[in-house]
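The values are calculated or read from the model by the stated rules, or taken from the named source; none is laboratory data. These numbers were taken from a predicted model, which means no experiment stands behind them. Note that each Cβ is placed from the backbone with ideal geometry, even for glycine, and that neighbours are counted across all protein chains shown. Just the protein is used for accessible areas: all its heavy atoms, side chains included, with ligands, DNA and RNA removed. Shrake-Rupley method; radii C 1.70, N 1.55, O 1.52, S 1.80 Å.
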2 protein chains.
Amino acid sequence: MRDFSNDHSAIALNTATLGHMLDGHGAGWSPEQVIVACAARGFAGITFWQREIGSRAIEIGERVRASGMHVTGLCRTPFLVGAGAPSSLEQAKEVIDMAAALGASVLTVVTGGTEPGTKGVLESQKILAERVAELAPYAREHGVKLALEPLNPMFGGNRTCLMTVRDALRVCDMVDAPNVGVAVDVYHVWWDTSLADSLIEAGDRIHGYHLCDWLEETGDMLLDRGMMGDGVADLKAIRGAVETAGYAGPCEVEIFSAETWWKRDPADVLDVMVERFKTVC
Amino acid sequence: MRDFSNDHSAIALNTATLGHMLDGHGAGWSPEQVIVACAARGFAGITFWQREIGSRAIEIGERVRASGMHVTGLCRTPFLVGAGAPSSLEQAKEVIDMAAALGASVLTVVTGGTEPGTKGVLESQKILAERVAELAPYAREHGVKLALEPLNPMFGGNRTCLMTVRDALRVCDMVDAPNVGVAVDVYHVWWDTSLADSLIEAGDRIHGYHLCDWLEETGDMLLDRGMMGDGVADLKAIRGAVETAGYAGPCEVEIFSAETWWKRDPADVLDVMVERFKTVC
């Protein structure tokens, strides 16, 4: 397991941590401000959300690399299944185009929920696999990896049909494309006692590792994630399992926190992230 | 699999469905009113909450049986682990006494969350197993079965350290007492693609099956459960798995629904329950 106590060079920022995934939240730093602040702190990279990029994907990607960092990812495709999914894959292809223009290593896929007219998750997983299989070659041509992200089961119904890493691997197996893997996010998987076994099975299909914490008293399903160390997730055990499976990539801090961290000065948030990364992750 | 289309004699009411688990909710029917209404509709039994029983356990239990029904259960023990757990097991023993006085077949155990000073769930599960092992002989002497209820992972942290039936079985294995098993609640397990395998392993340790539905748009973690048929849970598949594992007991409807069903006339709620039980469960 990597020793982060004196080396935080694997840390990456998901800009959701600064409130950048939603209008009206956070301090509203520009991508340029974010890039300067992360580079100054020795970050490995930055994962952006579509709404920050607009038509400036090439410019922002180049600026990140000129600052000595990587664009570690882009969030995210539209839902691919469920009531909230667009009727075609065109929007998803446009997001793949954006990821390619940014030079983003990984595009995160939040799947969407249970397909109308079906019950449970198994039928939706099959439909998802068909749609991912249609997107995968297009993404591969553009040099983009797709990371299927299982969500905490509380997001079943309208947001996801993948609740565990094992679920996501079953869909990866159905798709069977070299650029399709999984994203492992502490918020979504911390509770799963079969996680370590699933990660071994995932092996080199782990396309990302996302850090935050699960607060003992979680007040809001979506926007009350904790800073690492403030909750009950066993962060070292989870990273140990991720690295035992072979993952050696960036560790991306992604904290949706409307009432706490999004109200703090982004520079302070970044400083706390680094300190916690070195001490509790 | 049992055919409920013309026989709803397996239906039971958990009085939470009428708002009876919380002060200030529901129509406030007395236990006597509930008993009359359930008996008139041919229910198998009723599961009560402690707050309805007070010092009248023997009287209420006898009245249920005189009406041709069973007391299918009592909710619930205080937390046994985590920050919300009392410092001793005395309160839990008092609830066992109440279950015995009621003649309740099963006492539900909601475990409580992550033990202070620990991370994740594994340590808490071990502590839980020690405490359940201390309670199990006392419960057995009083003719009470204990049902460990895994909760949806969104309740991790402060309410549960058991997120799946498999987690609950691991604790049952550690306890190894003949009166300790699991409760299977649709709200908590509907998303679990390993459920059928876990239930086979559970076998005769399934001490209860709880019905409701998972609404596609769940607005509140605790108090927005759906009536059967209104959500996305695959109710027939889940019951099929429960019965394939050998369960042939009551199916207890437990719907926490502050904004919908708790605002309806309880008689209407019971009628809808019966109709949905026969058609979609």
Residue B:26, sole failed condition from (1) under 18 Å from residue B:180 (Cβ atoms); (2) more than 14 Å from chain A (Cβ to nearest Cβ); (3) open to solvent by less than 40 Å² (accessible area, probe 1.4 Å); (4) touching a Phe, Trp or Tyr at 6+ places or on another chain (Cβ under 7 Å): (1)
Segment B:58-69, residues that are touching a helix residue (DSSP H, G or I) at 6+ places or on another chain (Cβ under 7 Å) and open to solvent by 10 Å² or more (accessible area, probe 1.4 Å): B:58, B:63, B:67, B:68
Within segment A:194-213, tally of residues that are open to solvent by 30 Å² or more (accessible area, probe 1.4 Å) and either under 24 Å from residue B:188 (Cα atoms) or more than 14 Å from every other protein chain (Cβ to nearest Cβ) (or both): 6
Selection status of residue A:191, within 11 Å of another protein chain (Cβ to nearest Cβ), open to solvent by less than 20 Å² (accessible area, probe 1.4 Å) and over 26 Å from residue A:123 (Cα atoms): no
Filtered residues of segment B:1-23 (kept if outside any strand (DSSP E or B), within 24 Å of residue B:236 (Cβ to Cβ), open to solvent by less than 60 Å² (accessible area, probe 1.4 Å) and not polar (S, T, N, Q)): B:4, B:8, B:10, B:16
Residue within segment B:189-208 that is acidic (Asp, Glu) and within 24 Å of residue B:13 (Cα to Cα) present: yes
Of all residues making up segment B:143-161, the number that are within 19 Å of residue B:126 (Cβ to Cβ), out of contact with any strand residue (DSSP E or B) (no Cβ under 6 Å at 6 or more places or on another chain) and either more than 8 Å from chain A (Cβ to nearest Cβ) or among the basic types (Lys, Arg) (or both): 4
Number of the exception - residue B:246 against (1) touching a residue at least 40 places away in the same chain (Cβ under 8 Å); (2) open to solvent by less than 10 Å² (accessible area, probe 1.4 Å): (2)
Check on residue A:168, open to solvent by 10 Å² or more (accessible area, probe 1.4 Å), among the small types (Gly, Ala, Ser) and under 23 Å from residue A:225 (Cβ atoms): no
Pairs with Cβ under 7 Å, 6+ apart, first in segment A:78-91 and over 18 Å from residue A:138 (Cβ atoms), second among the β-branched types (Val, Ile, Thr) and part of a loop (DSSP other than H, G, I, E, B): A:82/A:114
Filter result (within 23 Å of residue B:113 (Cα to Cα) and either of a type in the set (Ser, Thr, Tyr) or in contact (Cβ under 8 Å) with a residue 60 or more places away in the chain (or both)) within segment B:43-75: B:73, B:75
Set B:211, B:215, B:235: member being more than 22 Å from residue A:115 (Cβ to Cβ) and of a type outside the set (Lys, Arg): B:211
Residue match in segment A:209-224 (condition: under 16 Å from the mean Cα position of the chain (by Cα) and among the acidic types (Asp, Glu)): yes
Members of segment A:253-267 that are in contact with a helix residue (DSSP H, G or I) (Cβ under 9 Å, 6 or more places away or on another chain) and outside any loop (DSSP other than H, G, I, E, B): A:253, A:257, A:261, A:262, A:266, A:267
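Yes/no matrix, rows are residues, columns are (1) open to solvent by less than 20 Å² (accessible area, probe 1.4 Å); (2) part of a loop (DSSP other than H, G, I, E, B); (3) of a type in the set (Phe, Trp, Tyr); (4) within 11 Å of another protein chain (Cβ to nearest Cβ):
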residue	(1), (2), (3), (4)
B:221	no, yes, no, yes
B:228	yes, yes, no, no
B:232	yes, yes, no, yes
B:238	yes, no, no, yes
